[in-house]
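The values are calculated or read from the model by the stated rules, or taken from the named source; none is laboratory data. As the structure is a prediction and not an experimental result, all values here were calculated from the model. Using ideal geometry, Cβ is built from the backbone for each residue, glycine included, and neighbour counts are taken over all protein chains shown.
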Amino acid sequence: MSVHALSQRLQARLQDRLGPQGVLLAAADKASYEASARHAGGHAQGVVRPATLEELSWCVRTLAEAGCAIVAQGAATGLVGAATPSAEGSQWVVSTQRLRDRLQLDPQHRSVTVSAGYRLSEIQRAAAEHGLTFALDLSADPSVGGMVATNTGGSRLIRWGGVRDNLLGAQAVLVHPPGQTVGSLRGLRKDNTGLDWAQLLSGSFGAFGIVARAVLRLHPVQKQIATALVAVESVPVAMALLESLEDRLGDFVSAFEGMSAHAMHAALSHLPGATRPFAGGCEYAVLIELTSAVPRDTGLDLDALLLQWLEGRLQERGVLDAVVDKPDRLWRIRHAISESVQALGQLVAFDVAVKRSSFAAFRAQALETVRATLPQAHVCDFGHLGDGGIHLNLVLPPGSDAQRIGLLRTRIYDLVVHTFGGSYSAEHGIGPYNQEYYERYTAPSTRALAGVLHEHVDPHRRLGNVRLD
Ligand SMILES: Cc1cc2nc3c(=O)[nH]c(=O)nc-3n(C[C@H](O)[C@H](O)[C@H](O)COP(=O)(O)OP(=O)(O)OC[C@H]3O[C@@H](n4cnc5c(N)ncnc54)[C@H](O)[C@@H]3O)c2cc1C
């Protein structure tokens, strides 16, 4: 039978089983699944949208047995191009958008068992009805499957960790053996009886299996939130503030986010009706959040504690000003940075992390490297200072020299990895966008282990857009 006839037969089988909602083949229908949040789009053979675990397993088996290449896609908010089909048009996208056959809360166990297609915001809404919350907070609305696959971080990692720290179980479908379901949804908080599929899948970037369901740990809704924006003279002053805050009020610190003056200015210009928080200028600002599940009527008053601490700090050198305001008003500024910076011109973004103790020194050297390599770059950096993460985002005039950008990328990553022992992809994971740096910086022993695992779950390398071996 000809390749064309085989492909027609496969399409007909998929359509028969999944119906018109479940298979997209027309260019216009596929288009949004071929786009990427930040990089060039690709082309898909087709898009399948299973609605149940059984349909997912059947789809993966059918595609794998037909020898097709597959890429899993959730909400497509990933920033390394890993959920976008490749340019050659040879891959099928398995979208989890319709995979919403389970959302089951266990308030007493403080967990939720949820299908891969649910979004972060939907989990938060469902959990809130029971006085609970999922620990992640970020300015995108990713899917459960995407969060597990990329081990998403976010602004509150300093207190509750990332996805891996809040993952009690996961179930996935493998391409080898085709369509086999693995993992566990028991959701135990203690289970020290062997290897854990959930932890193996988390941070495997869609290369080991398609996550169908996960069990996520929930926390009580925070009944008090106190937030402040503090203007400082320099990043070393910001880091000293973090130490002081943790010494004094450490149990309550749930975010310590930094933003350069340029990043803050971009966000304020972008937000309708926003006003400058500080009368004077500043080099850098930090957004501090304290939270507690203990209500105020117990006598614990986080606003008062934060104010008292700030009063003391405002006497110190380098702390210029502080604004205590409603959480929504301050977070609005922080969450607007990504989008506003992207709107300024050609964005070149670095998502890196170093130890907190090296943060100030790294940032100073990184800015120097940018100045020496691309002097025309406008640096709008911001980051999760509490965990050493920095989004070193640069805005360049359109049409800037691609070779110089590539050179800068290598220089910054070398600085992060070789000089500071840090990570060249702190949160966003691995995808086609940074695959070459995975190969450059990953230890051979780590790649060898990934190779053995890869061989076990996908010997023909049918799944995903990254190679971890
Ligand atoms: C404005 C903005 C802010 C962001 N802020 C942060 C942040 O603070 N912290 C952070 O960590 N990230 C952040 N991100 C990145 C992004 O939101 C995360 O990587 C997210 O978890 C990806 O989820 P998704 O559902 O969009 O996955 P997708 O983009 O669809 O896919 C990402 C990867 O996961 C794989 N995948 C998707 N679904 C599955 C599945 N069911 N099974 C197996 N593999 C799967 C894909 O193949 C791909 O490799 C941000 C993104 C944006 C646009």
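Look at (1) farther than 30 Å from A304 by Cα; (2) of a type in the set (A, V, I, L, M, F, W, C); (3) away from the ligand (no atom under 16 Å from the Cβ) and you find that V215 fails only one, number (3).
So for the range 205-220 (the condition being in a loop (DSSP other than H, G, I, E, B), closer than 21 Å to S121 by Cα and not β-branched (V, I, T)), does at least one residue qualify? Looking through the range 205-220, at least one residue is in a loop (DSSP other than H, G, I, E, B), closer than 21 Å to S121 by Cα and not β-branched (V, I, T). Only helices (runs of 4 or more DSSP H) wholly contained in the range 259-348 count here; list those with 3 or more residues that are β-branched (V, I, T) and surrounded by 20 or more Cβ atoms within 10 Å (Cβ to Cβ). Result: 327-342.
Among the numbered conditions (1) surrounded by fewer than 22 Cβ atoms within 10 Å (Cβ to Cβ); (2) more than 13 Å from the ligand (Cβ to nearest atom), the only one that R38 does not meet is (2).
For the range 269-295, residues that are over 27 Å from the mean Cα position of the chain (by Cα) and of a type in the set (A, V, I, L, M, F, W, C) total 4.
Given the criteria closer than 30 Å to G145 by Cα and crowded, with 22+ Cβ neighbours inside 10 Å, does R213 qualify? In short, yes.
If you go through the range 72-84 and keep only what is near the ligand (Cβ under 6 Å from one of its atoms) and not β-branched (V, I, T), you end up with A72, Q73, G74, A75, A76, G78, L79, A82, A83. Quick one: is L99 touching a strand residue (DSSP E or B) at 6+ places or on another chain (Cβ under 6 Å), in contact (Cβ under 8 Å) with a residue 60 or more places away in the chain and closer than 17 Å to P142 by Cα? Answer is yes for this residue. Taking each residue of the range 139-161 that is farther than 18 Å from D101 by Cα and looking for partners that are charged (D, E, K, R) and in a helix (DSSP H, G or I) with beta-carbon atoms closer than 6 Å, six or more apart or interchain, yields N151/R164; L157/D387; I158/D387. Checked against the criterion of being within 18 Å of R9 (Cα to Cα) and either surrounded by fewer than 16 Cβ atoms within 10 Å (Cβ to Cβ) or among the polar types (S, T, N, Q) (or both), the candidates S90, S86, S57 yield just one match: S90. Kindly establish whether A135 is within 13 Å of the ligand (Cβ to nearest atom) and buried (at least 22 other Cβ atoms within 10 Å of the Cβ). Against the criterion (within 13 Å of the ligand (Cβ to nearest atom) and buried (at least 22 other Cβ atoms within 10 Å of the Cβ)), A135 does not qualify.
Picking from residues in the range 240-268 that are small (G, A, S) and more than 15 Å from F382 (Cβ to Cβ), the one that is nearest to the chain's Cα centre (by Cα) is S254. Answer with yes or no whether G154 is crowded, with 21+ Cβ neighbours inside 10 Å and either outside any loop (DSSP other than H, G, I, E, B) or not basic (K, R) (or both). It is true that G154 is crowded, with 21+ Cβ neighbours inside 10 Å and either outside any loop (DSSP other than H, G, I, E, B) or not basic (K, R) (or both). Hey, does the range 60-71 have a residue that's within 8 Å of the ligand (Cβ to nearest atom), surrounded by 18 or more Cβ atoms within 10 Å (Cβ to Cβ) and at pLDDT 95 or above? Yes, some residue in the range 60-71 is within 8 Å of the ligand (Cβ to nearest atom), surrounded by 18 or more Cβ atoms within 10 Å (Cβ to Cβ) and at pLDDT 95 or above.
Residues in the range 183-196 that are closer than 17 Å to S115 by Cβ and away from the ligand (no atom under 12 Å from the Cβ): S184, L185, R186, G187. Considering the range 376-408, and only residues there that are in a helix (DSSP H, G or I) and in contact with a Leu (Cβ under 9 Å, 6 or more places away or on another chain), the residue that is nearest to V237 (Cα to Cα) turns out to be L385. Going through (1) surrounded by 22 or more Cβ atoms within 10 Å (Cβ to Cβ); (2) touching a residue at least 60 places away in the same chain (Cβ under 8 Å); (3) closer than 19 Å to R363 by Cβ; (4) touching a strand residue (DSSP E or B) at 6+ places or on another chain (Cβ under 6 Å) one by one, L242 falls short only on (1). Taking the criterion of being hydroxyl-bearing (S, T, Y) and free of Cβ contacts under 8 Å to residues at least 40 places away in the same chain, the residues of the range 424-451 that qualify are Y437, Y438, Y441, T442, S445, T446.
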